[in-house]
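Worksheet: one structure, shown below.
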Amino acid sequence: MIYLVEHFYSIQGEGRYIGRPSLFFRFGGCNLTCKGFNCSEISPDGDEIIGCDTVYAVDRSFSSTWIPIQNADDLINIIKQYDLSFSADIVFTGGEPLLYAQDPILIEFLSYLHRNDHRITFETNATIKPDFIKFPIYTKCIYALSVKLQNSFEPYTKRVKPDVIASIAQNAQEAFFKFSIDKESINAALDSEIEDIIQNAPYLEVYCMPVGGDKRSIEANALMLIEYCKEKGYIYSDRLHIRIWDDNKGV
């Protein structure tokens, strides 16, 4: 079974395809918590949960609000509800969408999307390896590799999986790195940390985006990060959806 947190039609706000009209499917659950990003949500039980800007799709204390998906038709019908006149980009995000990489519901849905000419992107923390041999549909997808840095407060061995990064880079239709960085992290240690990660796929583009779950946080981190990208030759990615809609969900 797959748990769907929300779906919405918007524009891609980050990375290589920023600005593209995209239909998002946000799945529930994650194998990381990333408390270092220091965003907070109040759970249905009234507890404050600290984590990334989508902690409501990560922490299972929110699972009572998630939608159980019983078959691929449940997801296909969502696309049909939007009545789009073209094959929009489809973005799987979370949480961590590759938690469901072995689920036959997701495999069937991916096959449907590919047959209907949708470009498919997984926004993943790059710690879970798709089975490209058993499920070749994964070779038809794009992967935004949002490998977590020290500022996530996750231990290195949990957040950096060299074999997963290398496998996705070698087998995917496209892949690129996408790091979340705050101004306090911009120092020599950050340089070596990013270099350590990208050596597993040195030919992939590197995008850097400011940490934050609201417009104020994005703006506080943006300028120093732009200067950092100029110095290192990385690509600055704004978080356009947050800059436009602030901390509103589902847009």
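Consider only pairs whose beta carbons are under 8 Å apart and that are at least six residues apart or on different chains; among these, list those whose first residue lies in region 186-214 and is touching a residue at least 60 places away in the same chain (Cβ under 8 Å) and farther than 16 Å from F37 by Cβ and whose second residue is crowded, with 19+ Cβ neighbours inside 10 Å and of a type in the set (K, R).
Y207/K178
So I235 fits all but one of (1) surrounded by fewer than 20 Cβ atoms within 10 Å (Cβ to Cβ); (2) modelled with pLDDT under 95; what number is the exception?
Status for I235: all satisfied but (2).
Of R60, R159, which residue is touching a Cys at 6+ places or on another chain (Cβ under 9 Å) and not β-branched (V, I, T)?
When all the criteria are applied, what remains is R159.
When residues of region 16-56 are filtered for being under 20 Å from D214 (Cα atoms), touching an Asp or Glu at 6+ places or on another chain (Cβ under 8 Å) and among the small types (G, A, S), how many remain?
4
Considering only residues of region 95-106 that are crowded, with 17+ Cβ neighbours inside 10 Å and at negative phi, which is farthest from the chain's Cα centre (by Cα)?
Among them, the one singled out is I105.
Consider T157 against the criteria (1) in contact (Cβ under 8 Å) with a residue 60 or more places away in the chain; (2) polar (S, T, N, Q); (3) surrounded by fewer than 19 Cβ atoms within 10 Å (Cβ to Cβ): it satisfies all of them except one. Which criterion is unmet?
Of everything listed in (1) in contact (Cβ under 8 Å) with a residue 60 or more places away in the chain; (2) polar (S, T, N, Q); (3) surrounded by fewer than 19 Cβ atoms within 10 Å (Cβ to Cβ), T157 misses just condition (1).
Looking at (1) part of a loop (DSSP other than H, G, I, E, B); (2) over 23 Å from S237 (Cα atoms), which is the one condition that is false for G13?
Unmet condition: (2).
If F109 satisfies every condition in (1) crowded, with 17+ Cβ neighbours inside 10 Å; (2) in contact (Cβ under 8 Å) with a residue 60 or more places away in the chain but one, which is the exception?
Just one mismatch for F109, condition (2).
The values are calculated or read from the model by the stated rules, or taken from the named source; none is laboratory data. Since this is a predicted model, take the numbers as computed values, not measurements. FYI the Cβ positions are ideal-geometry reconstructions off the backbone, even for glycines, and counts take in every protein chain you see.
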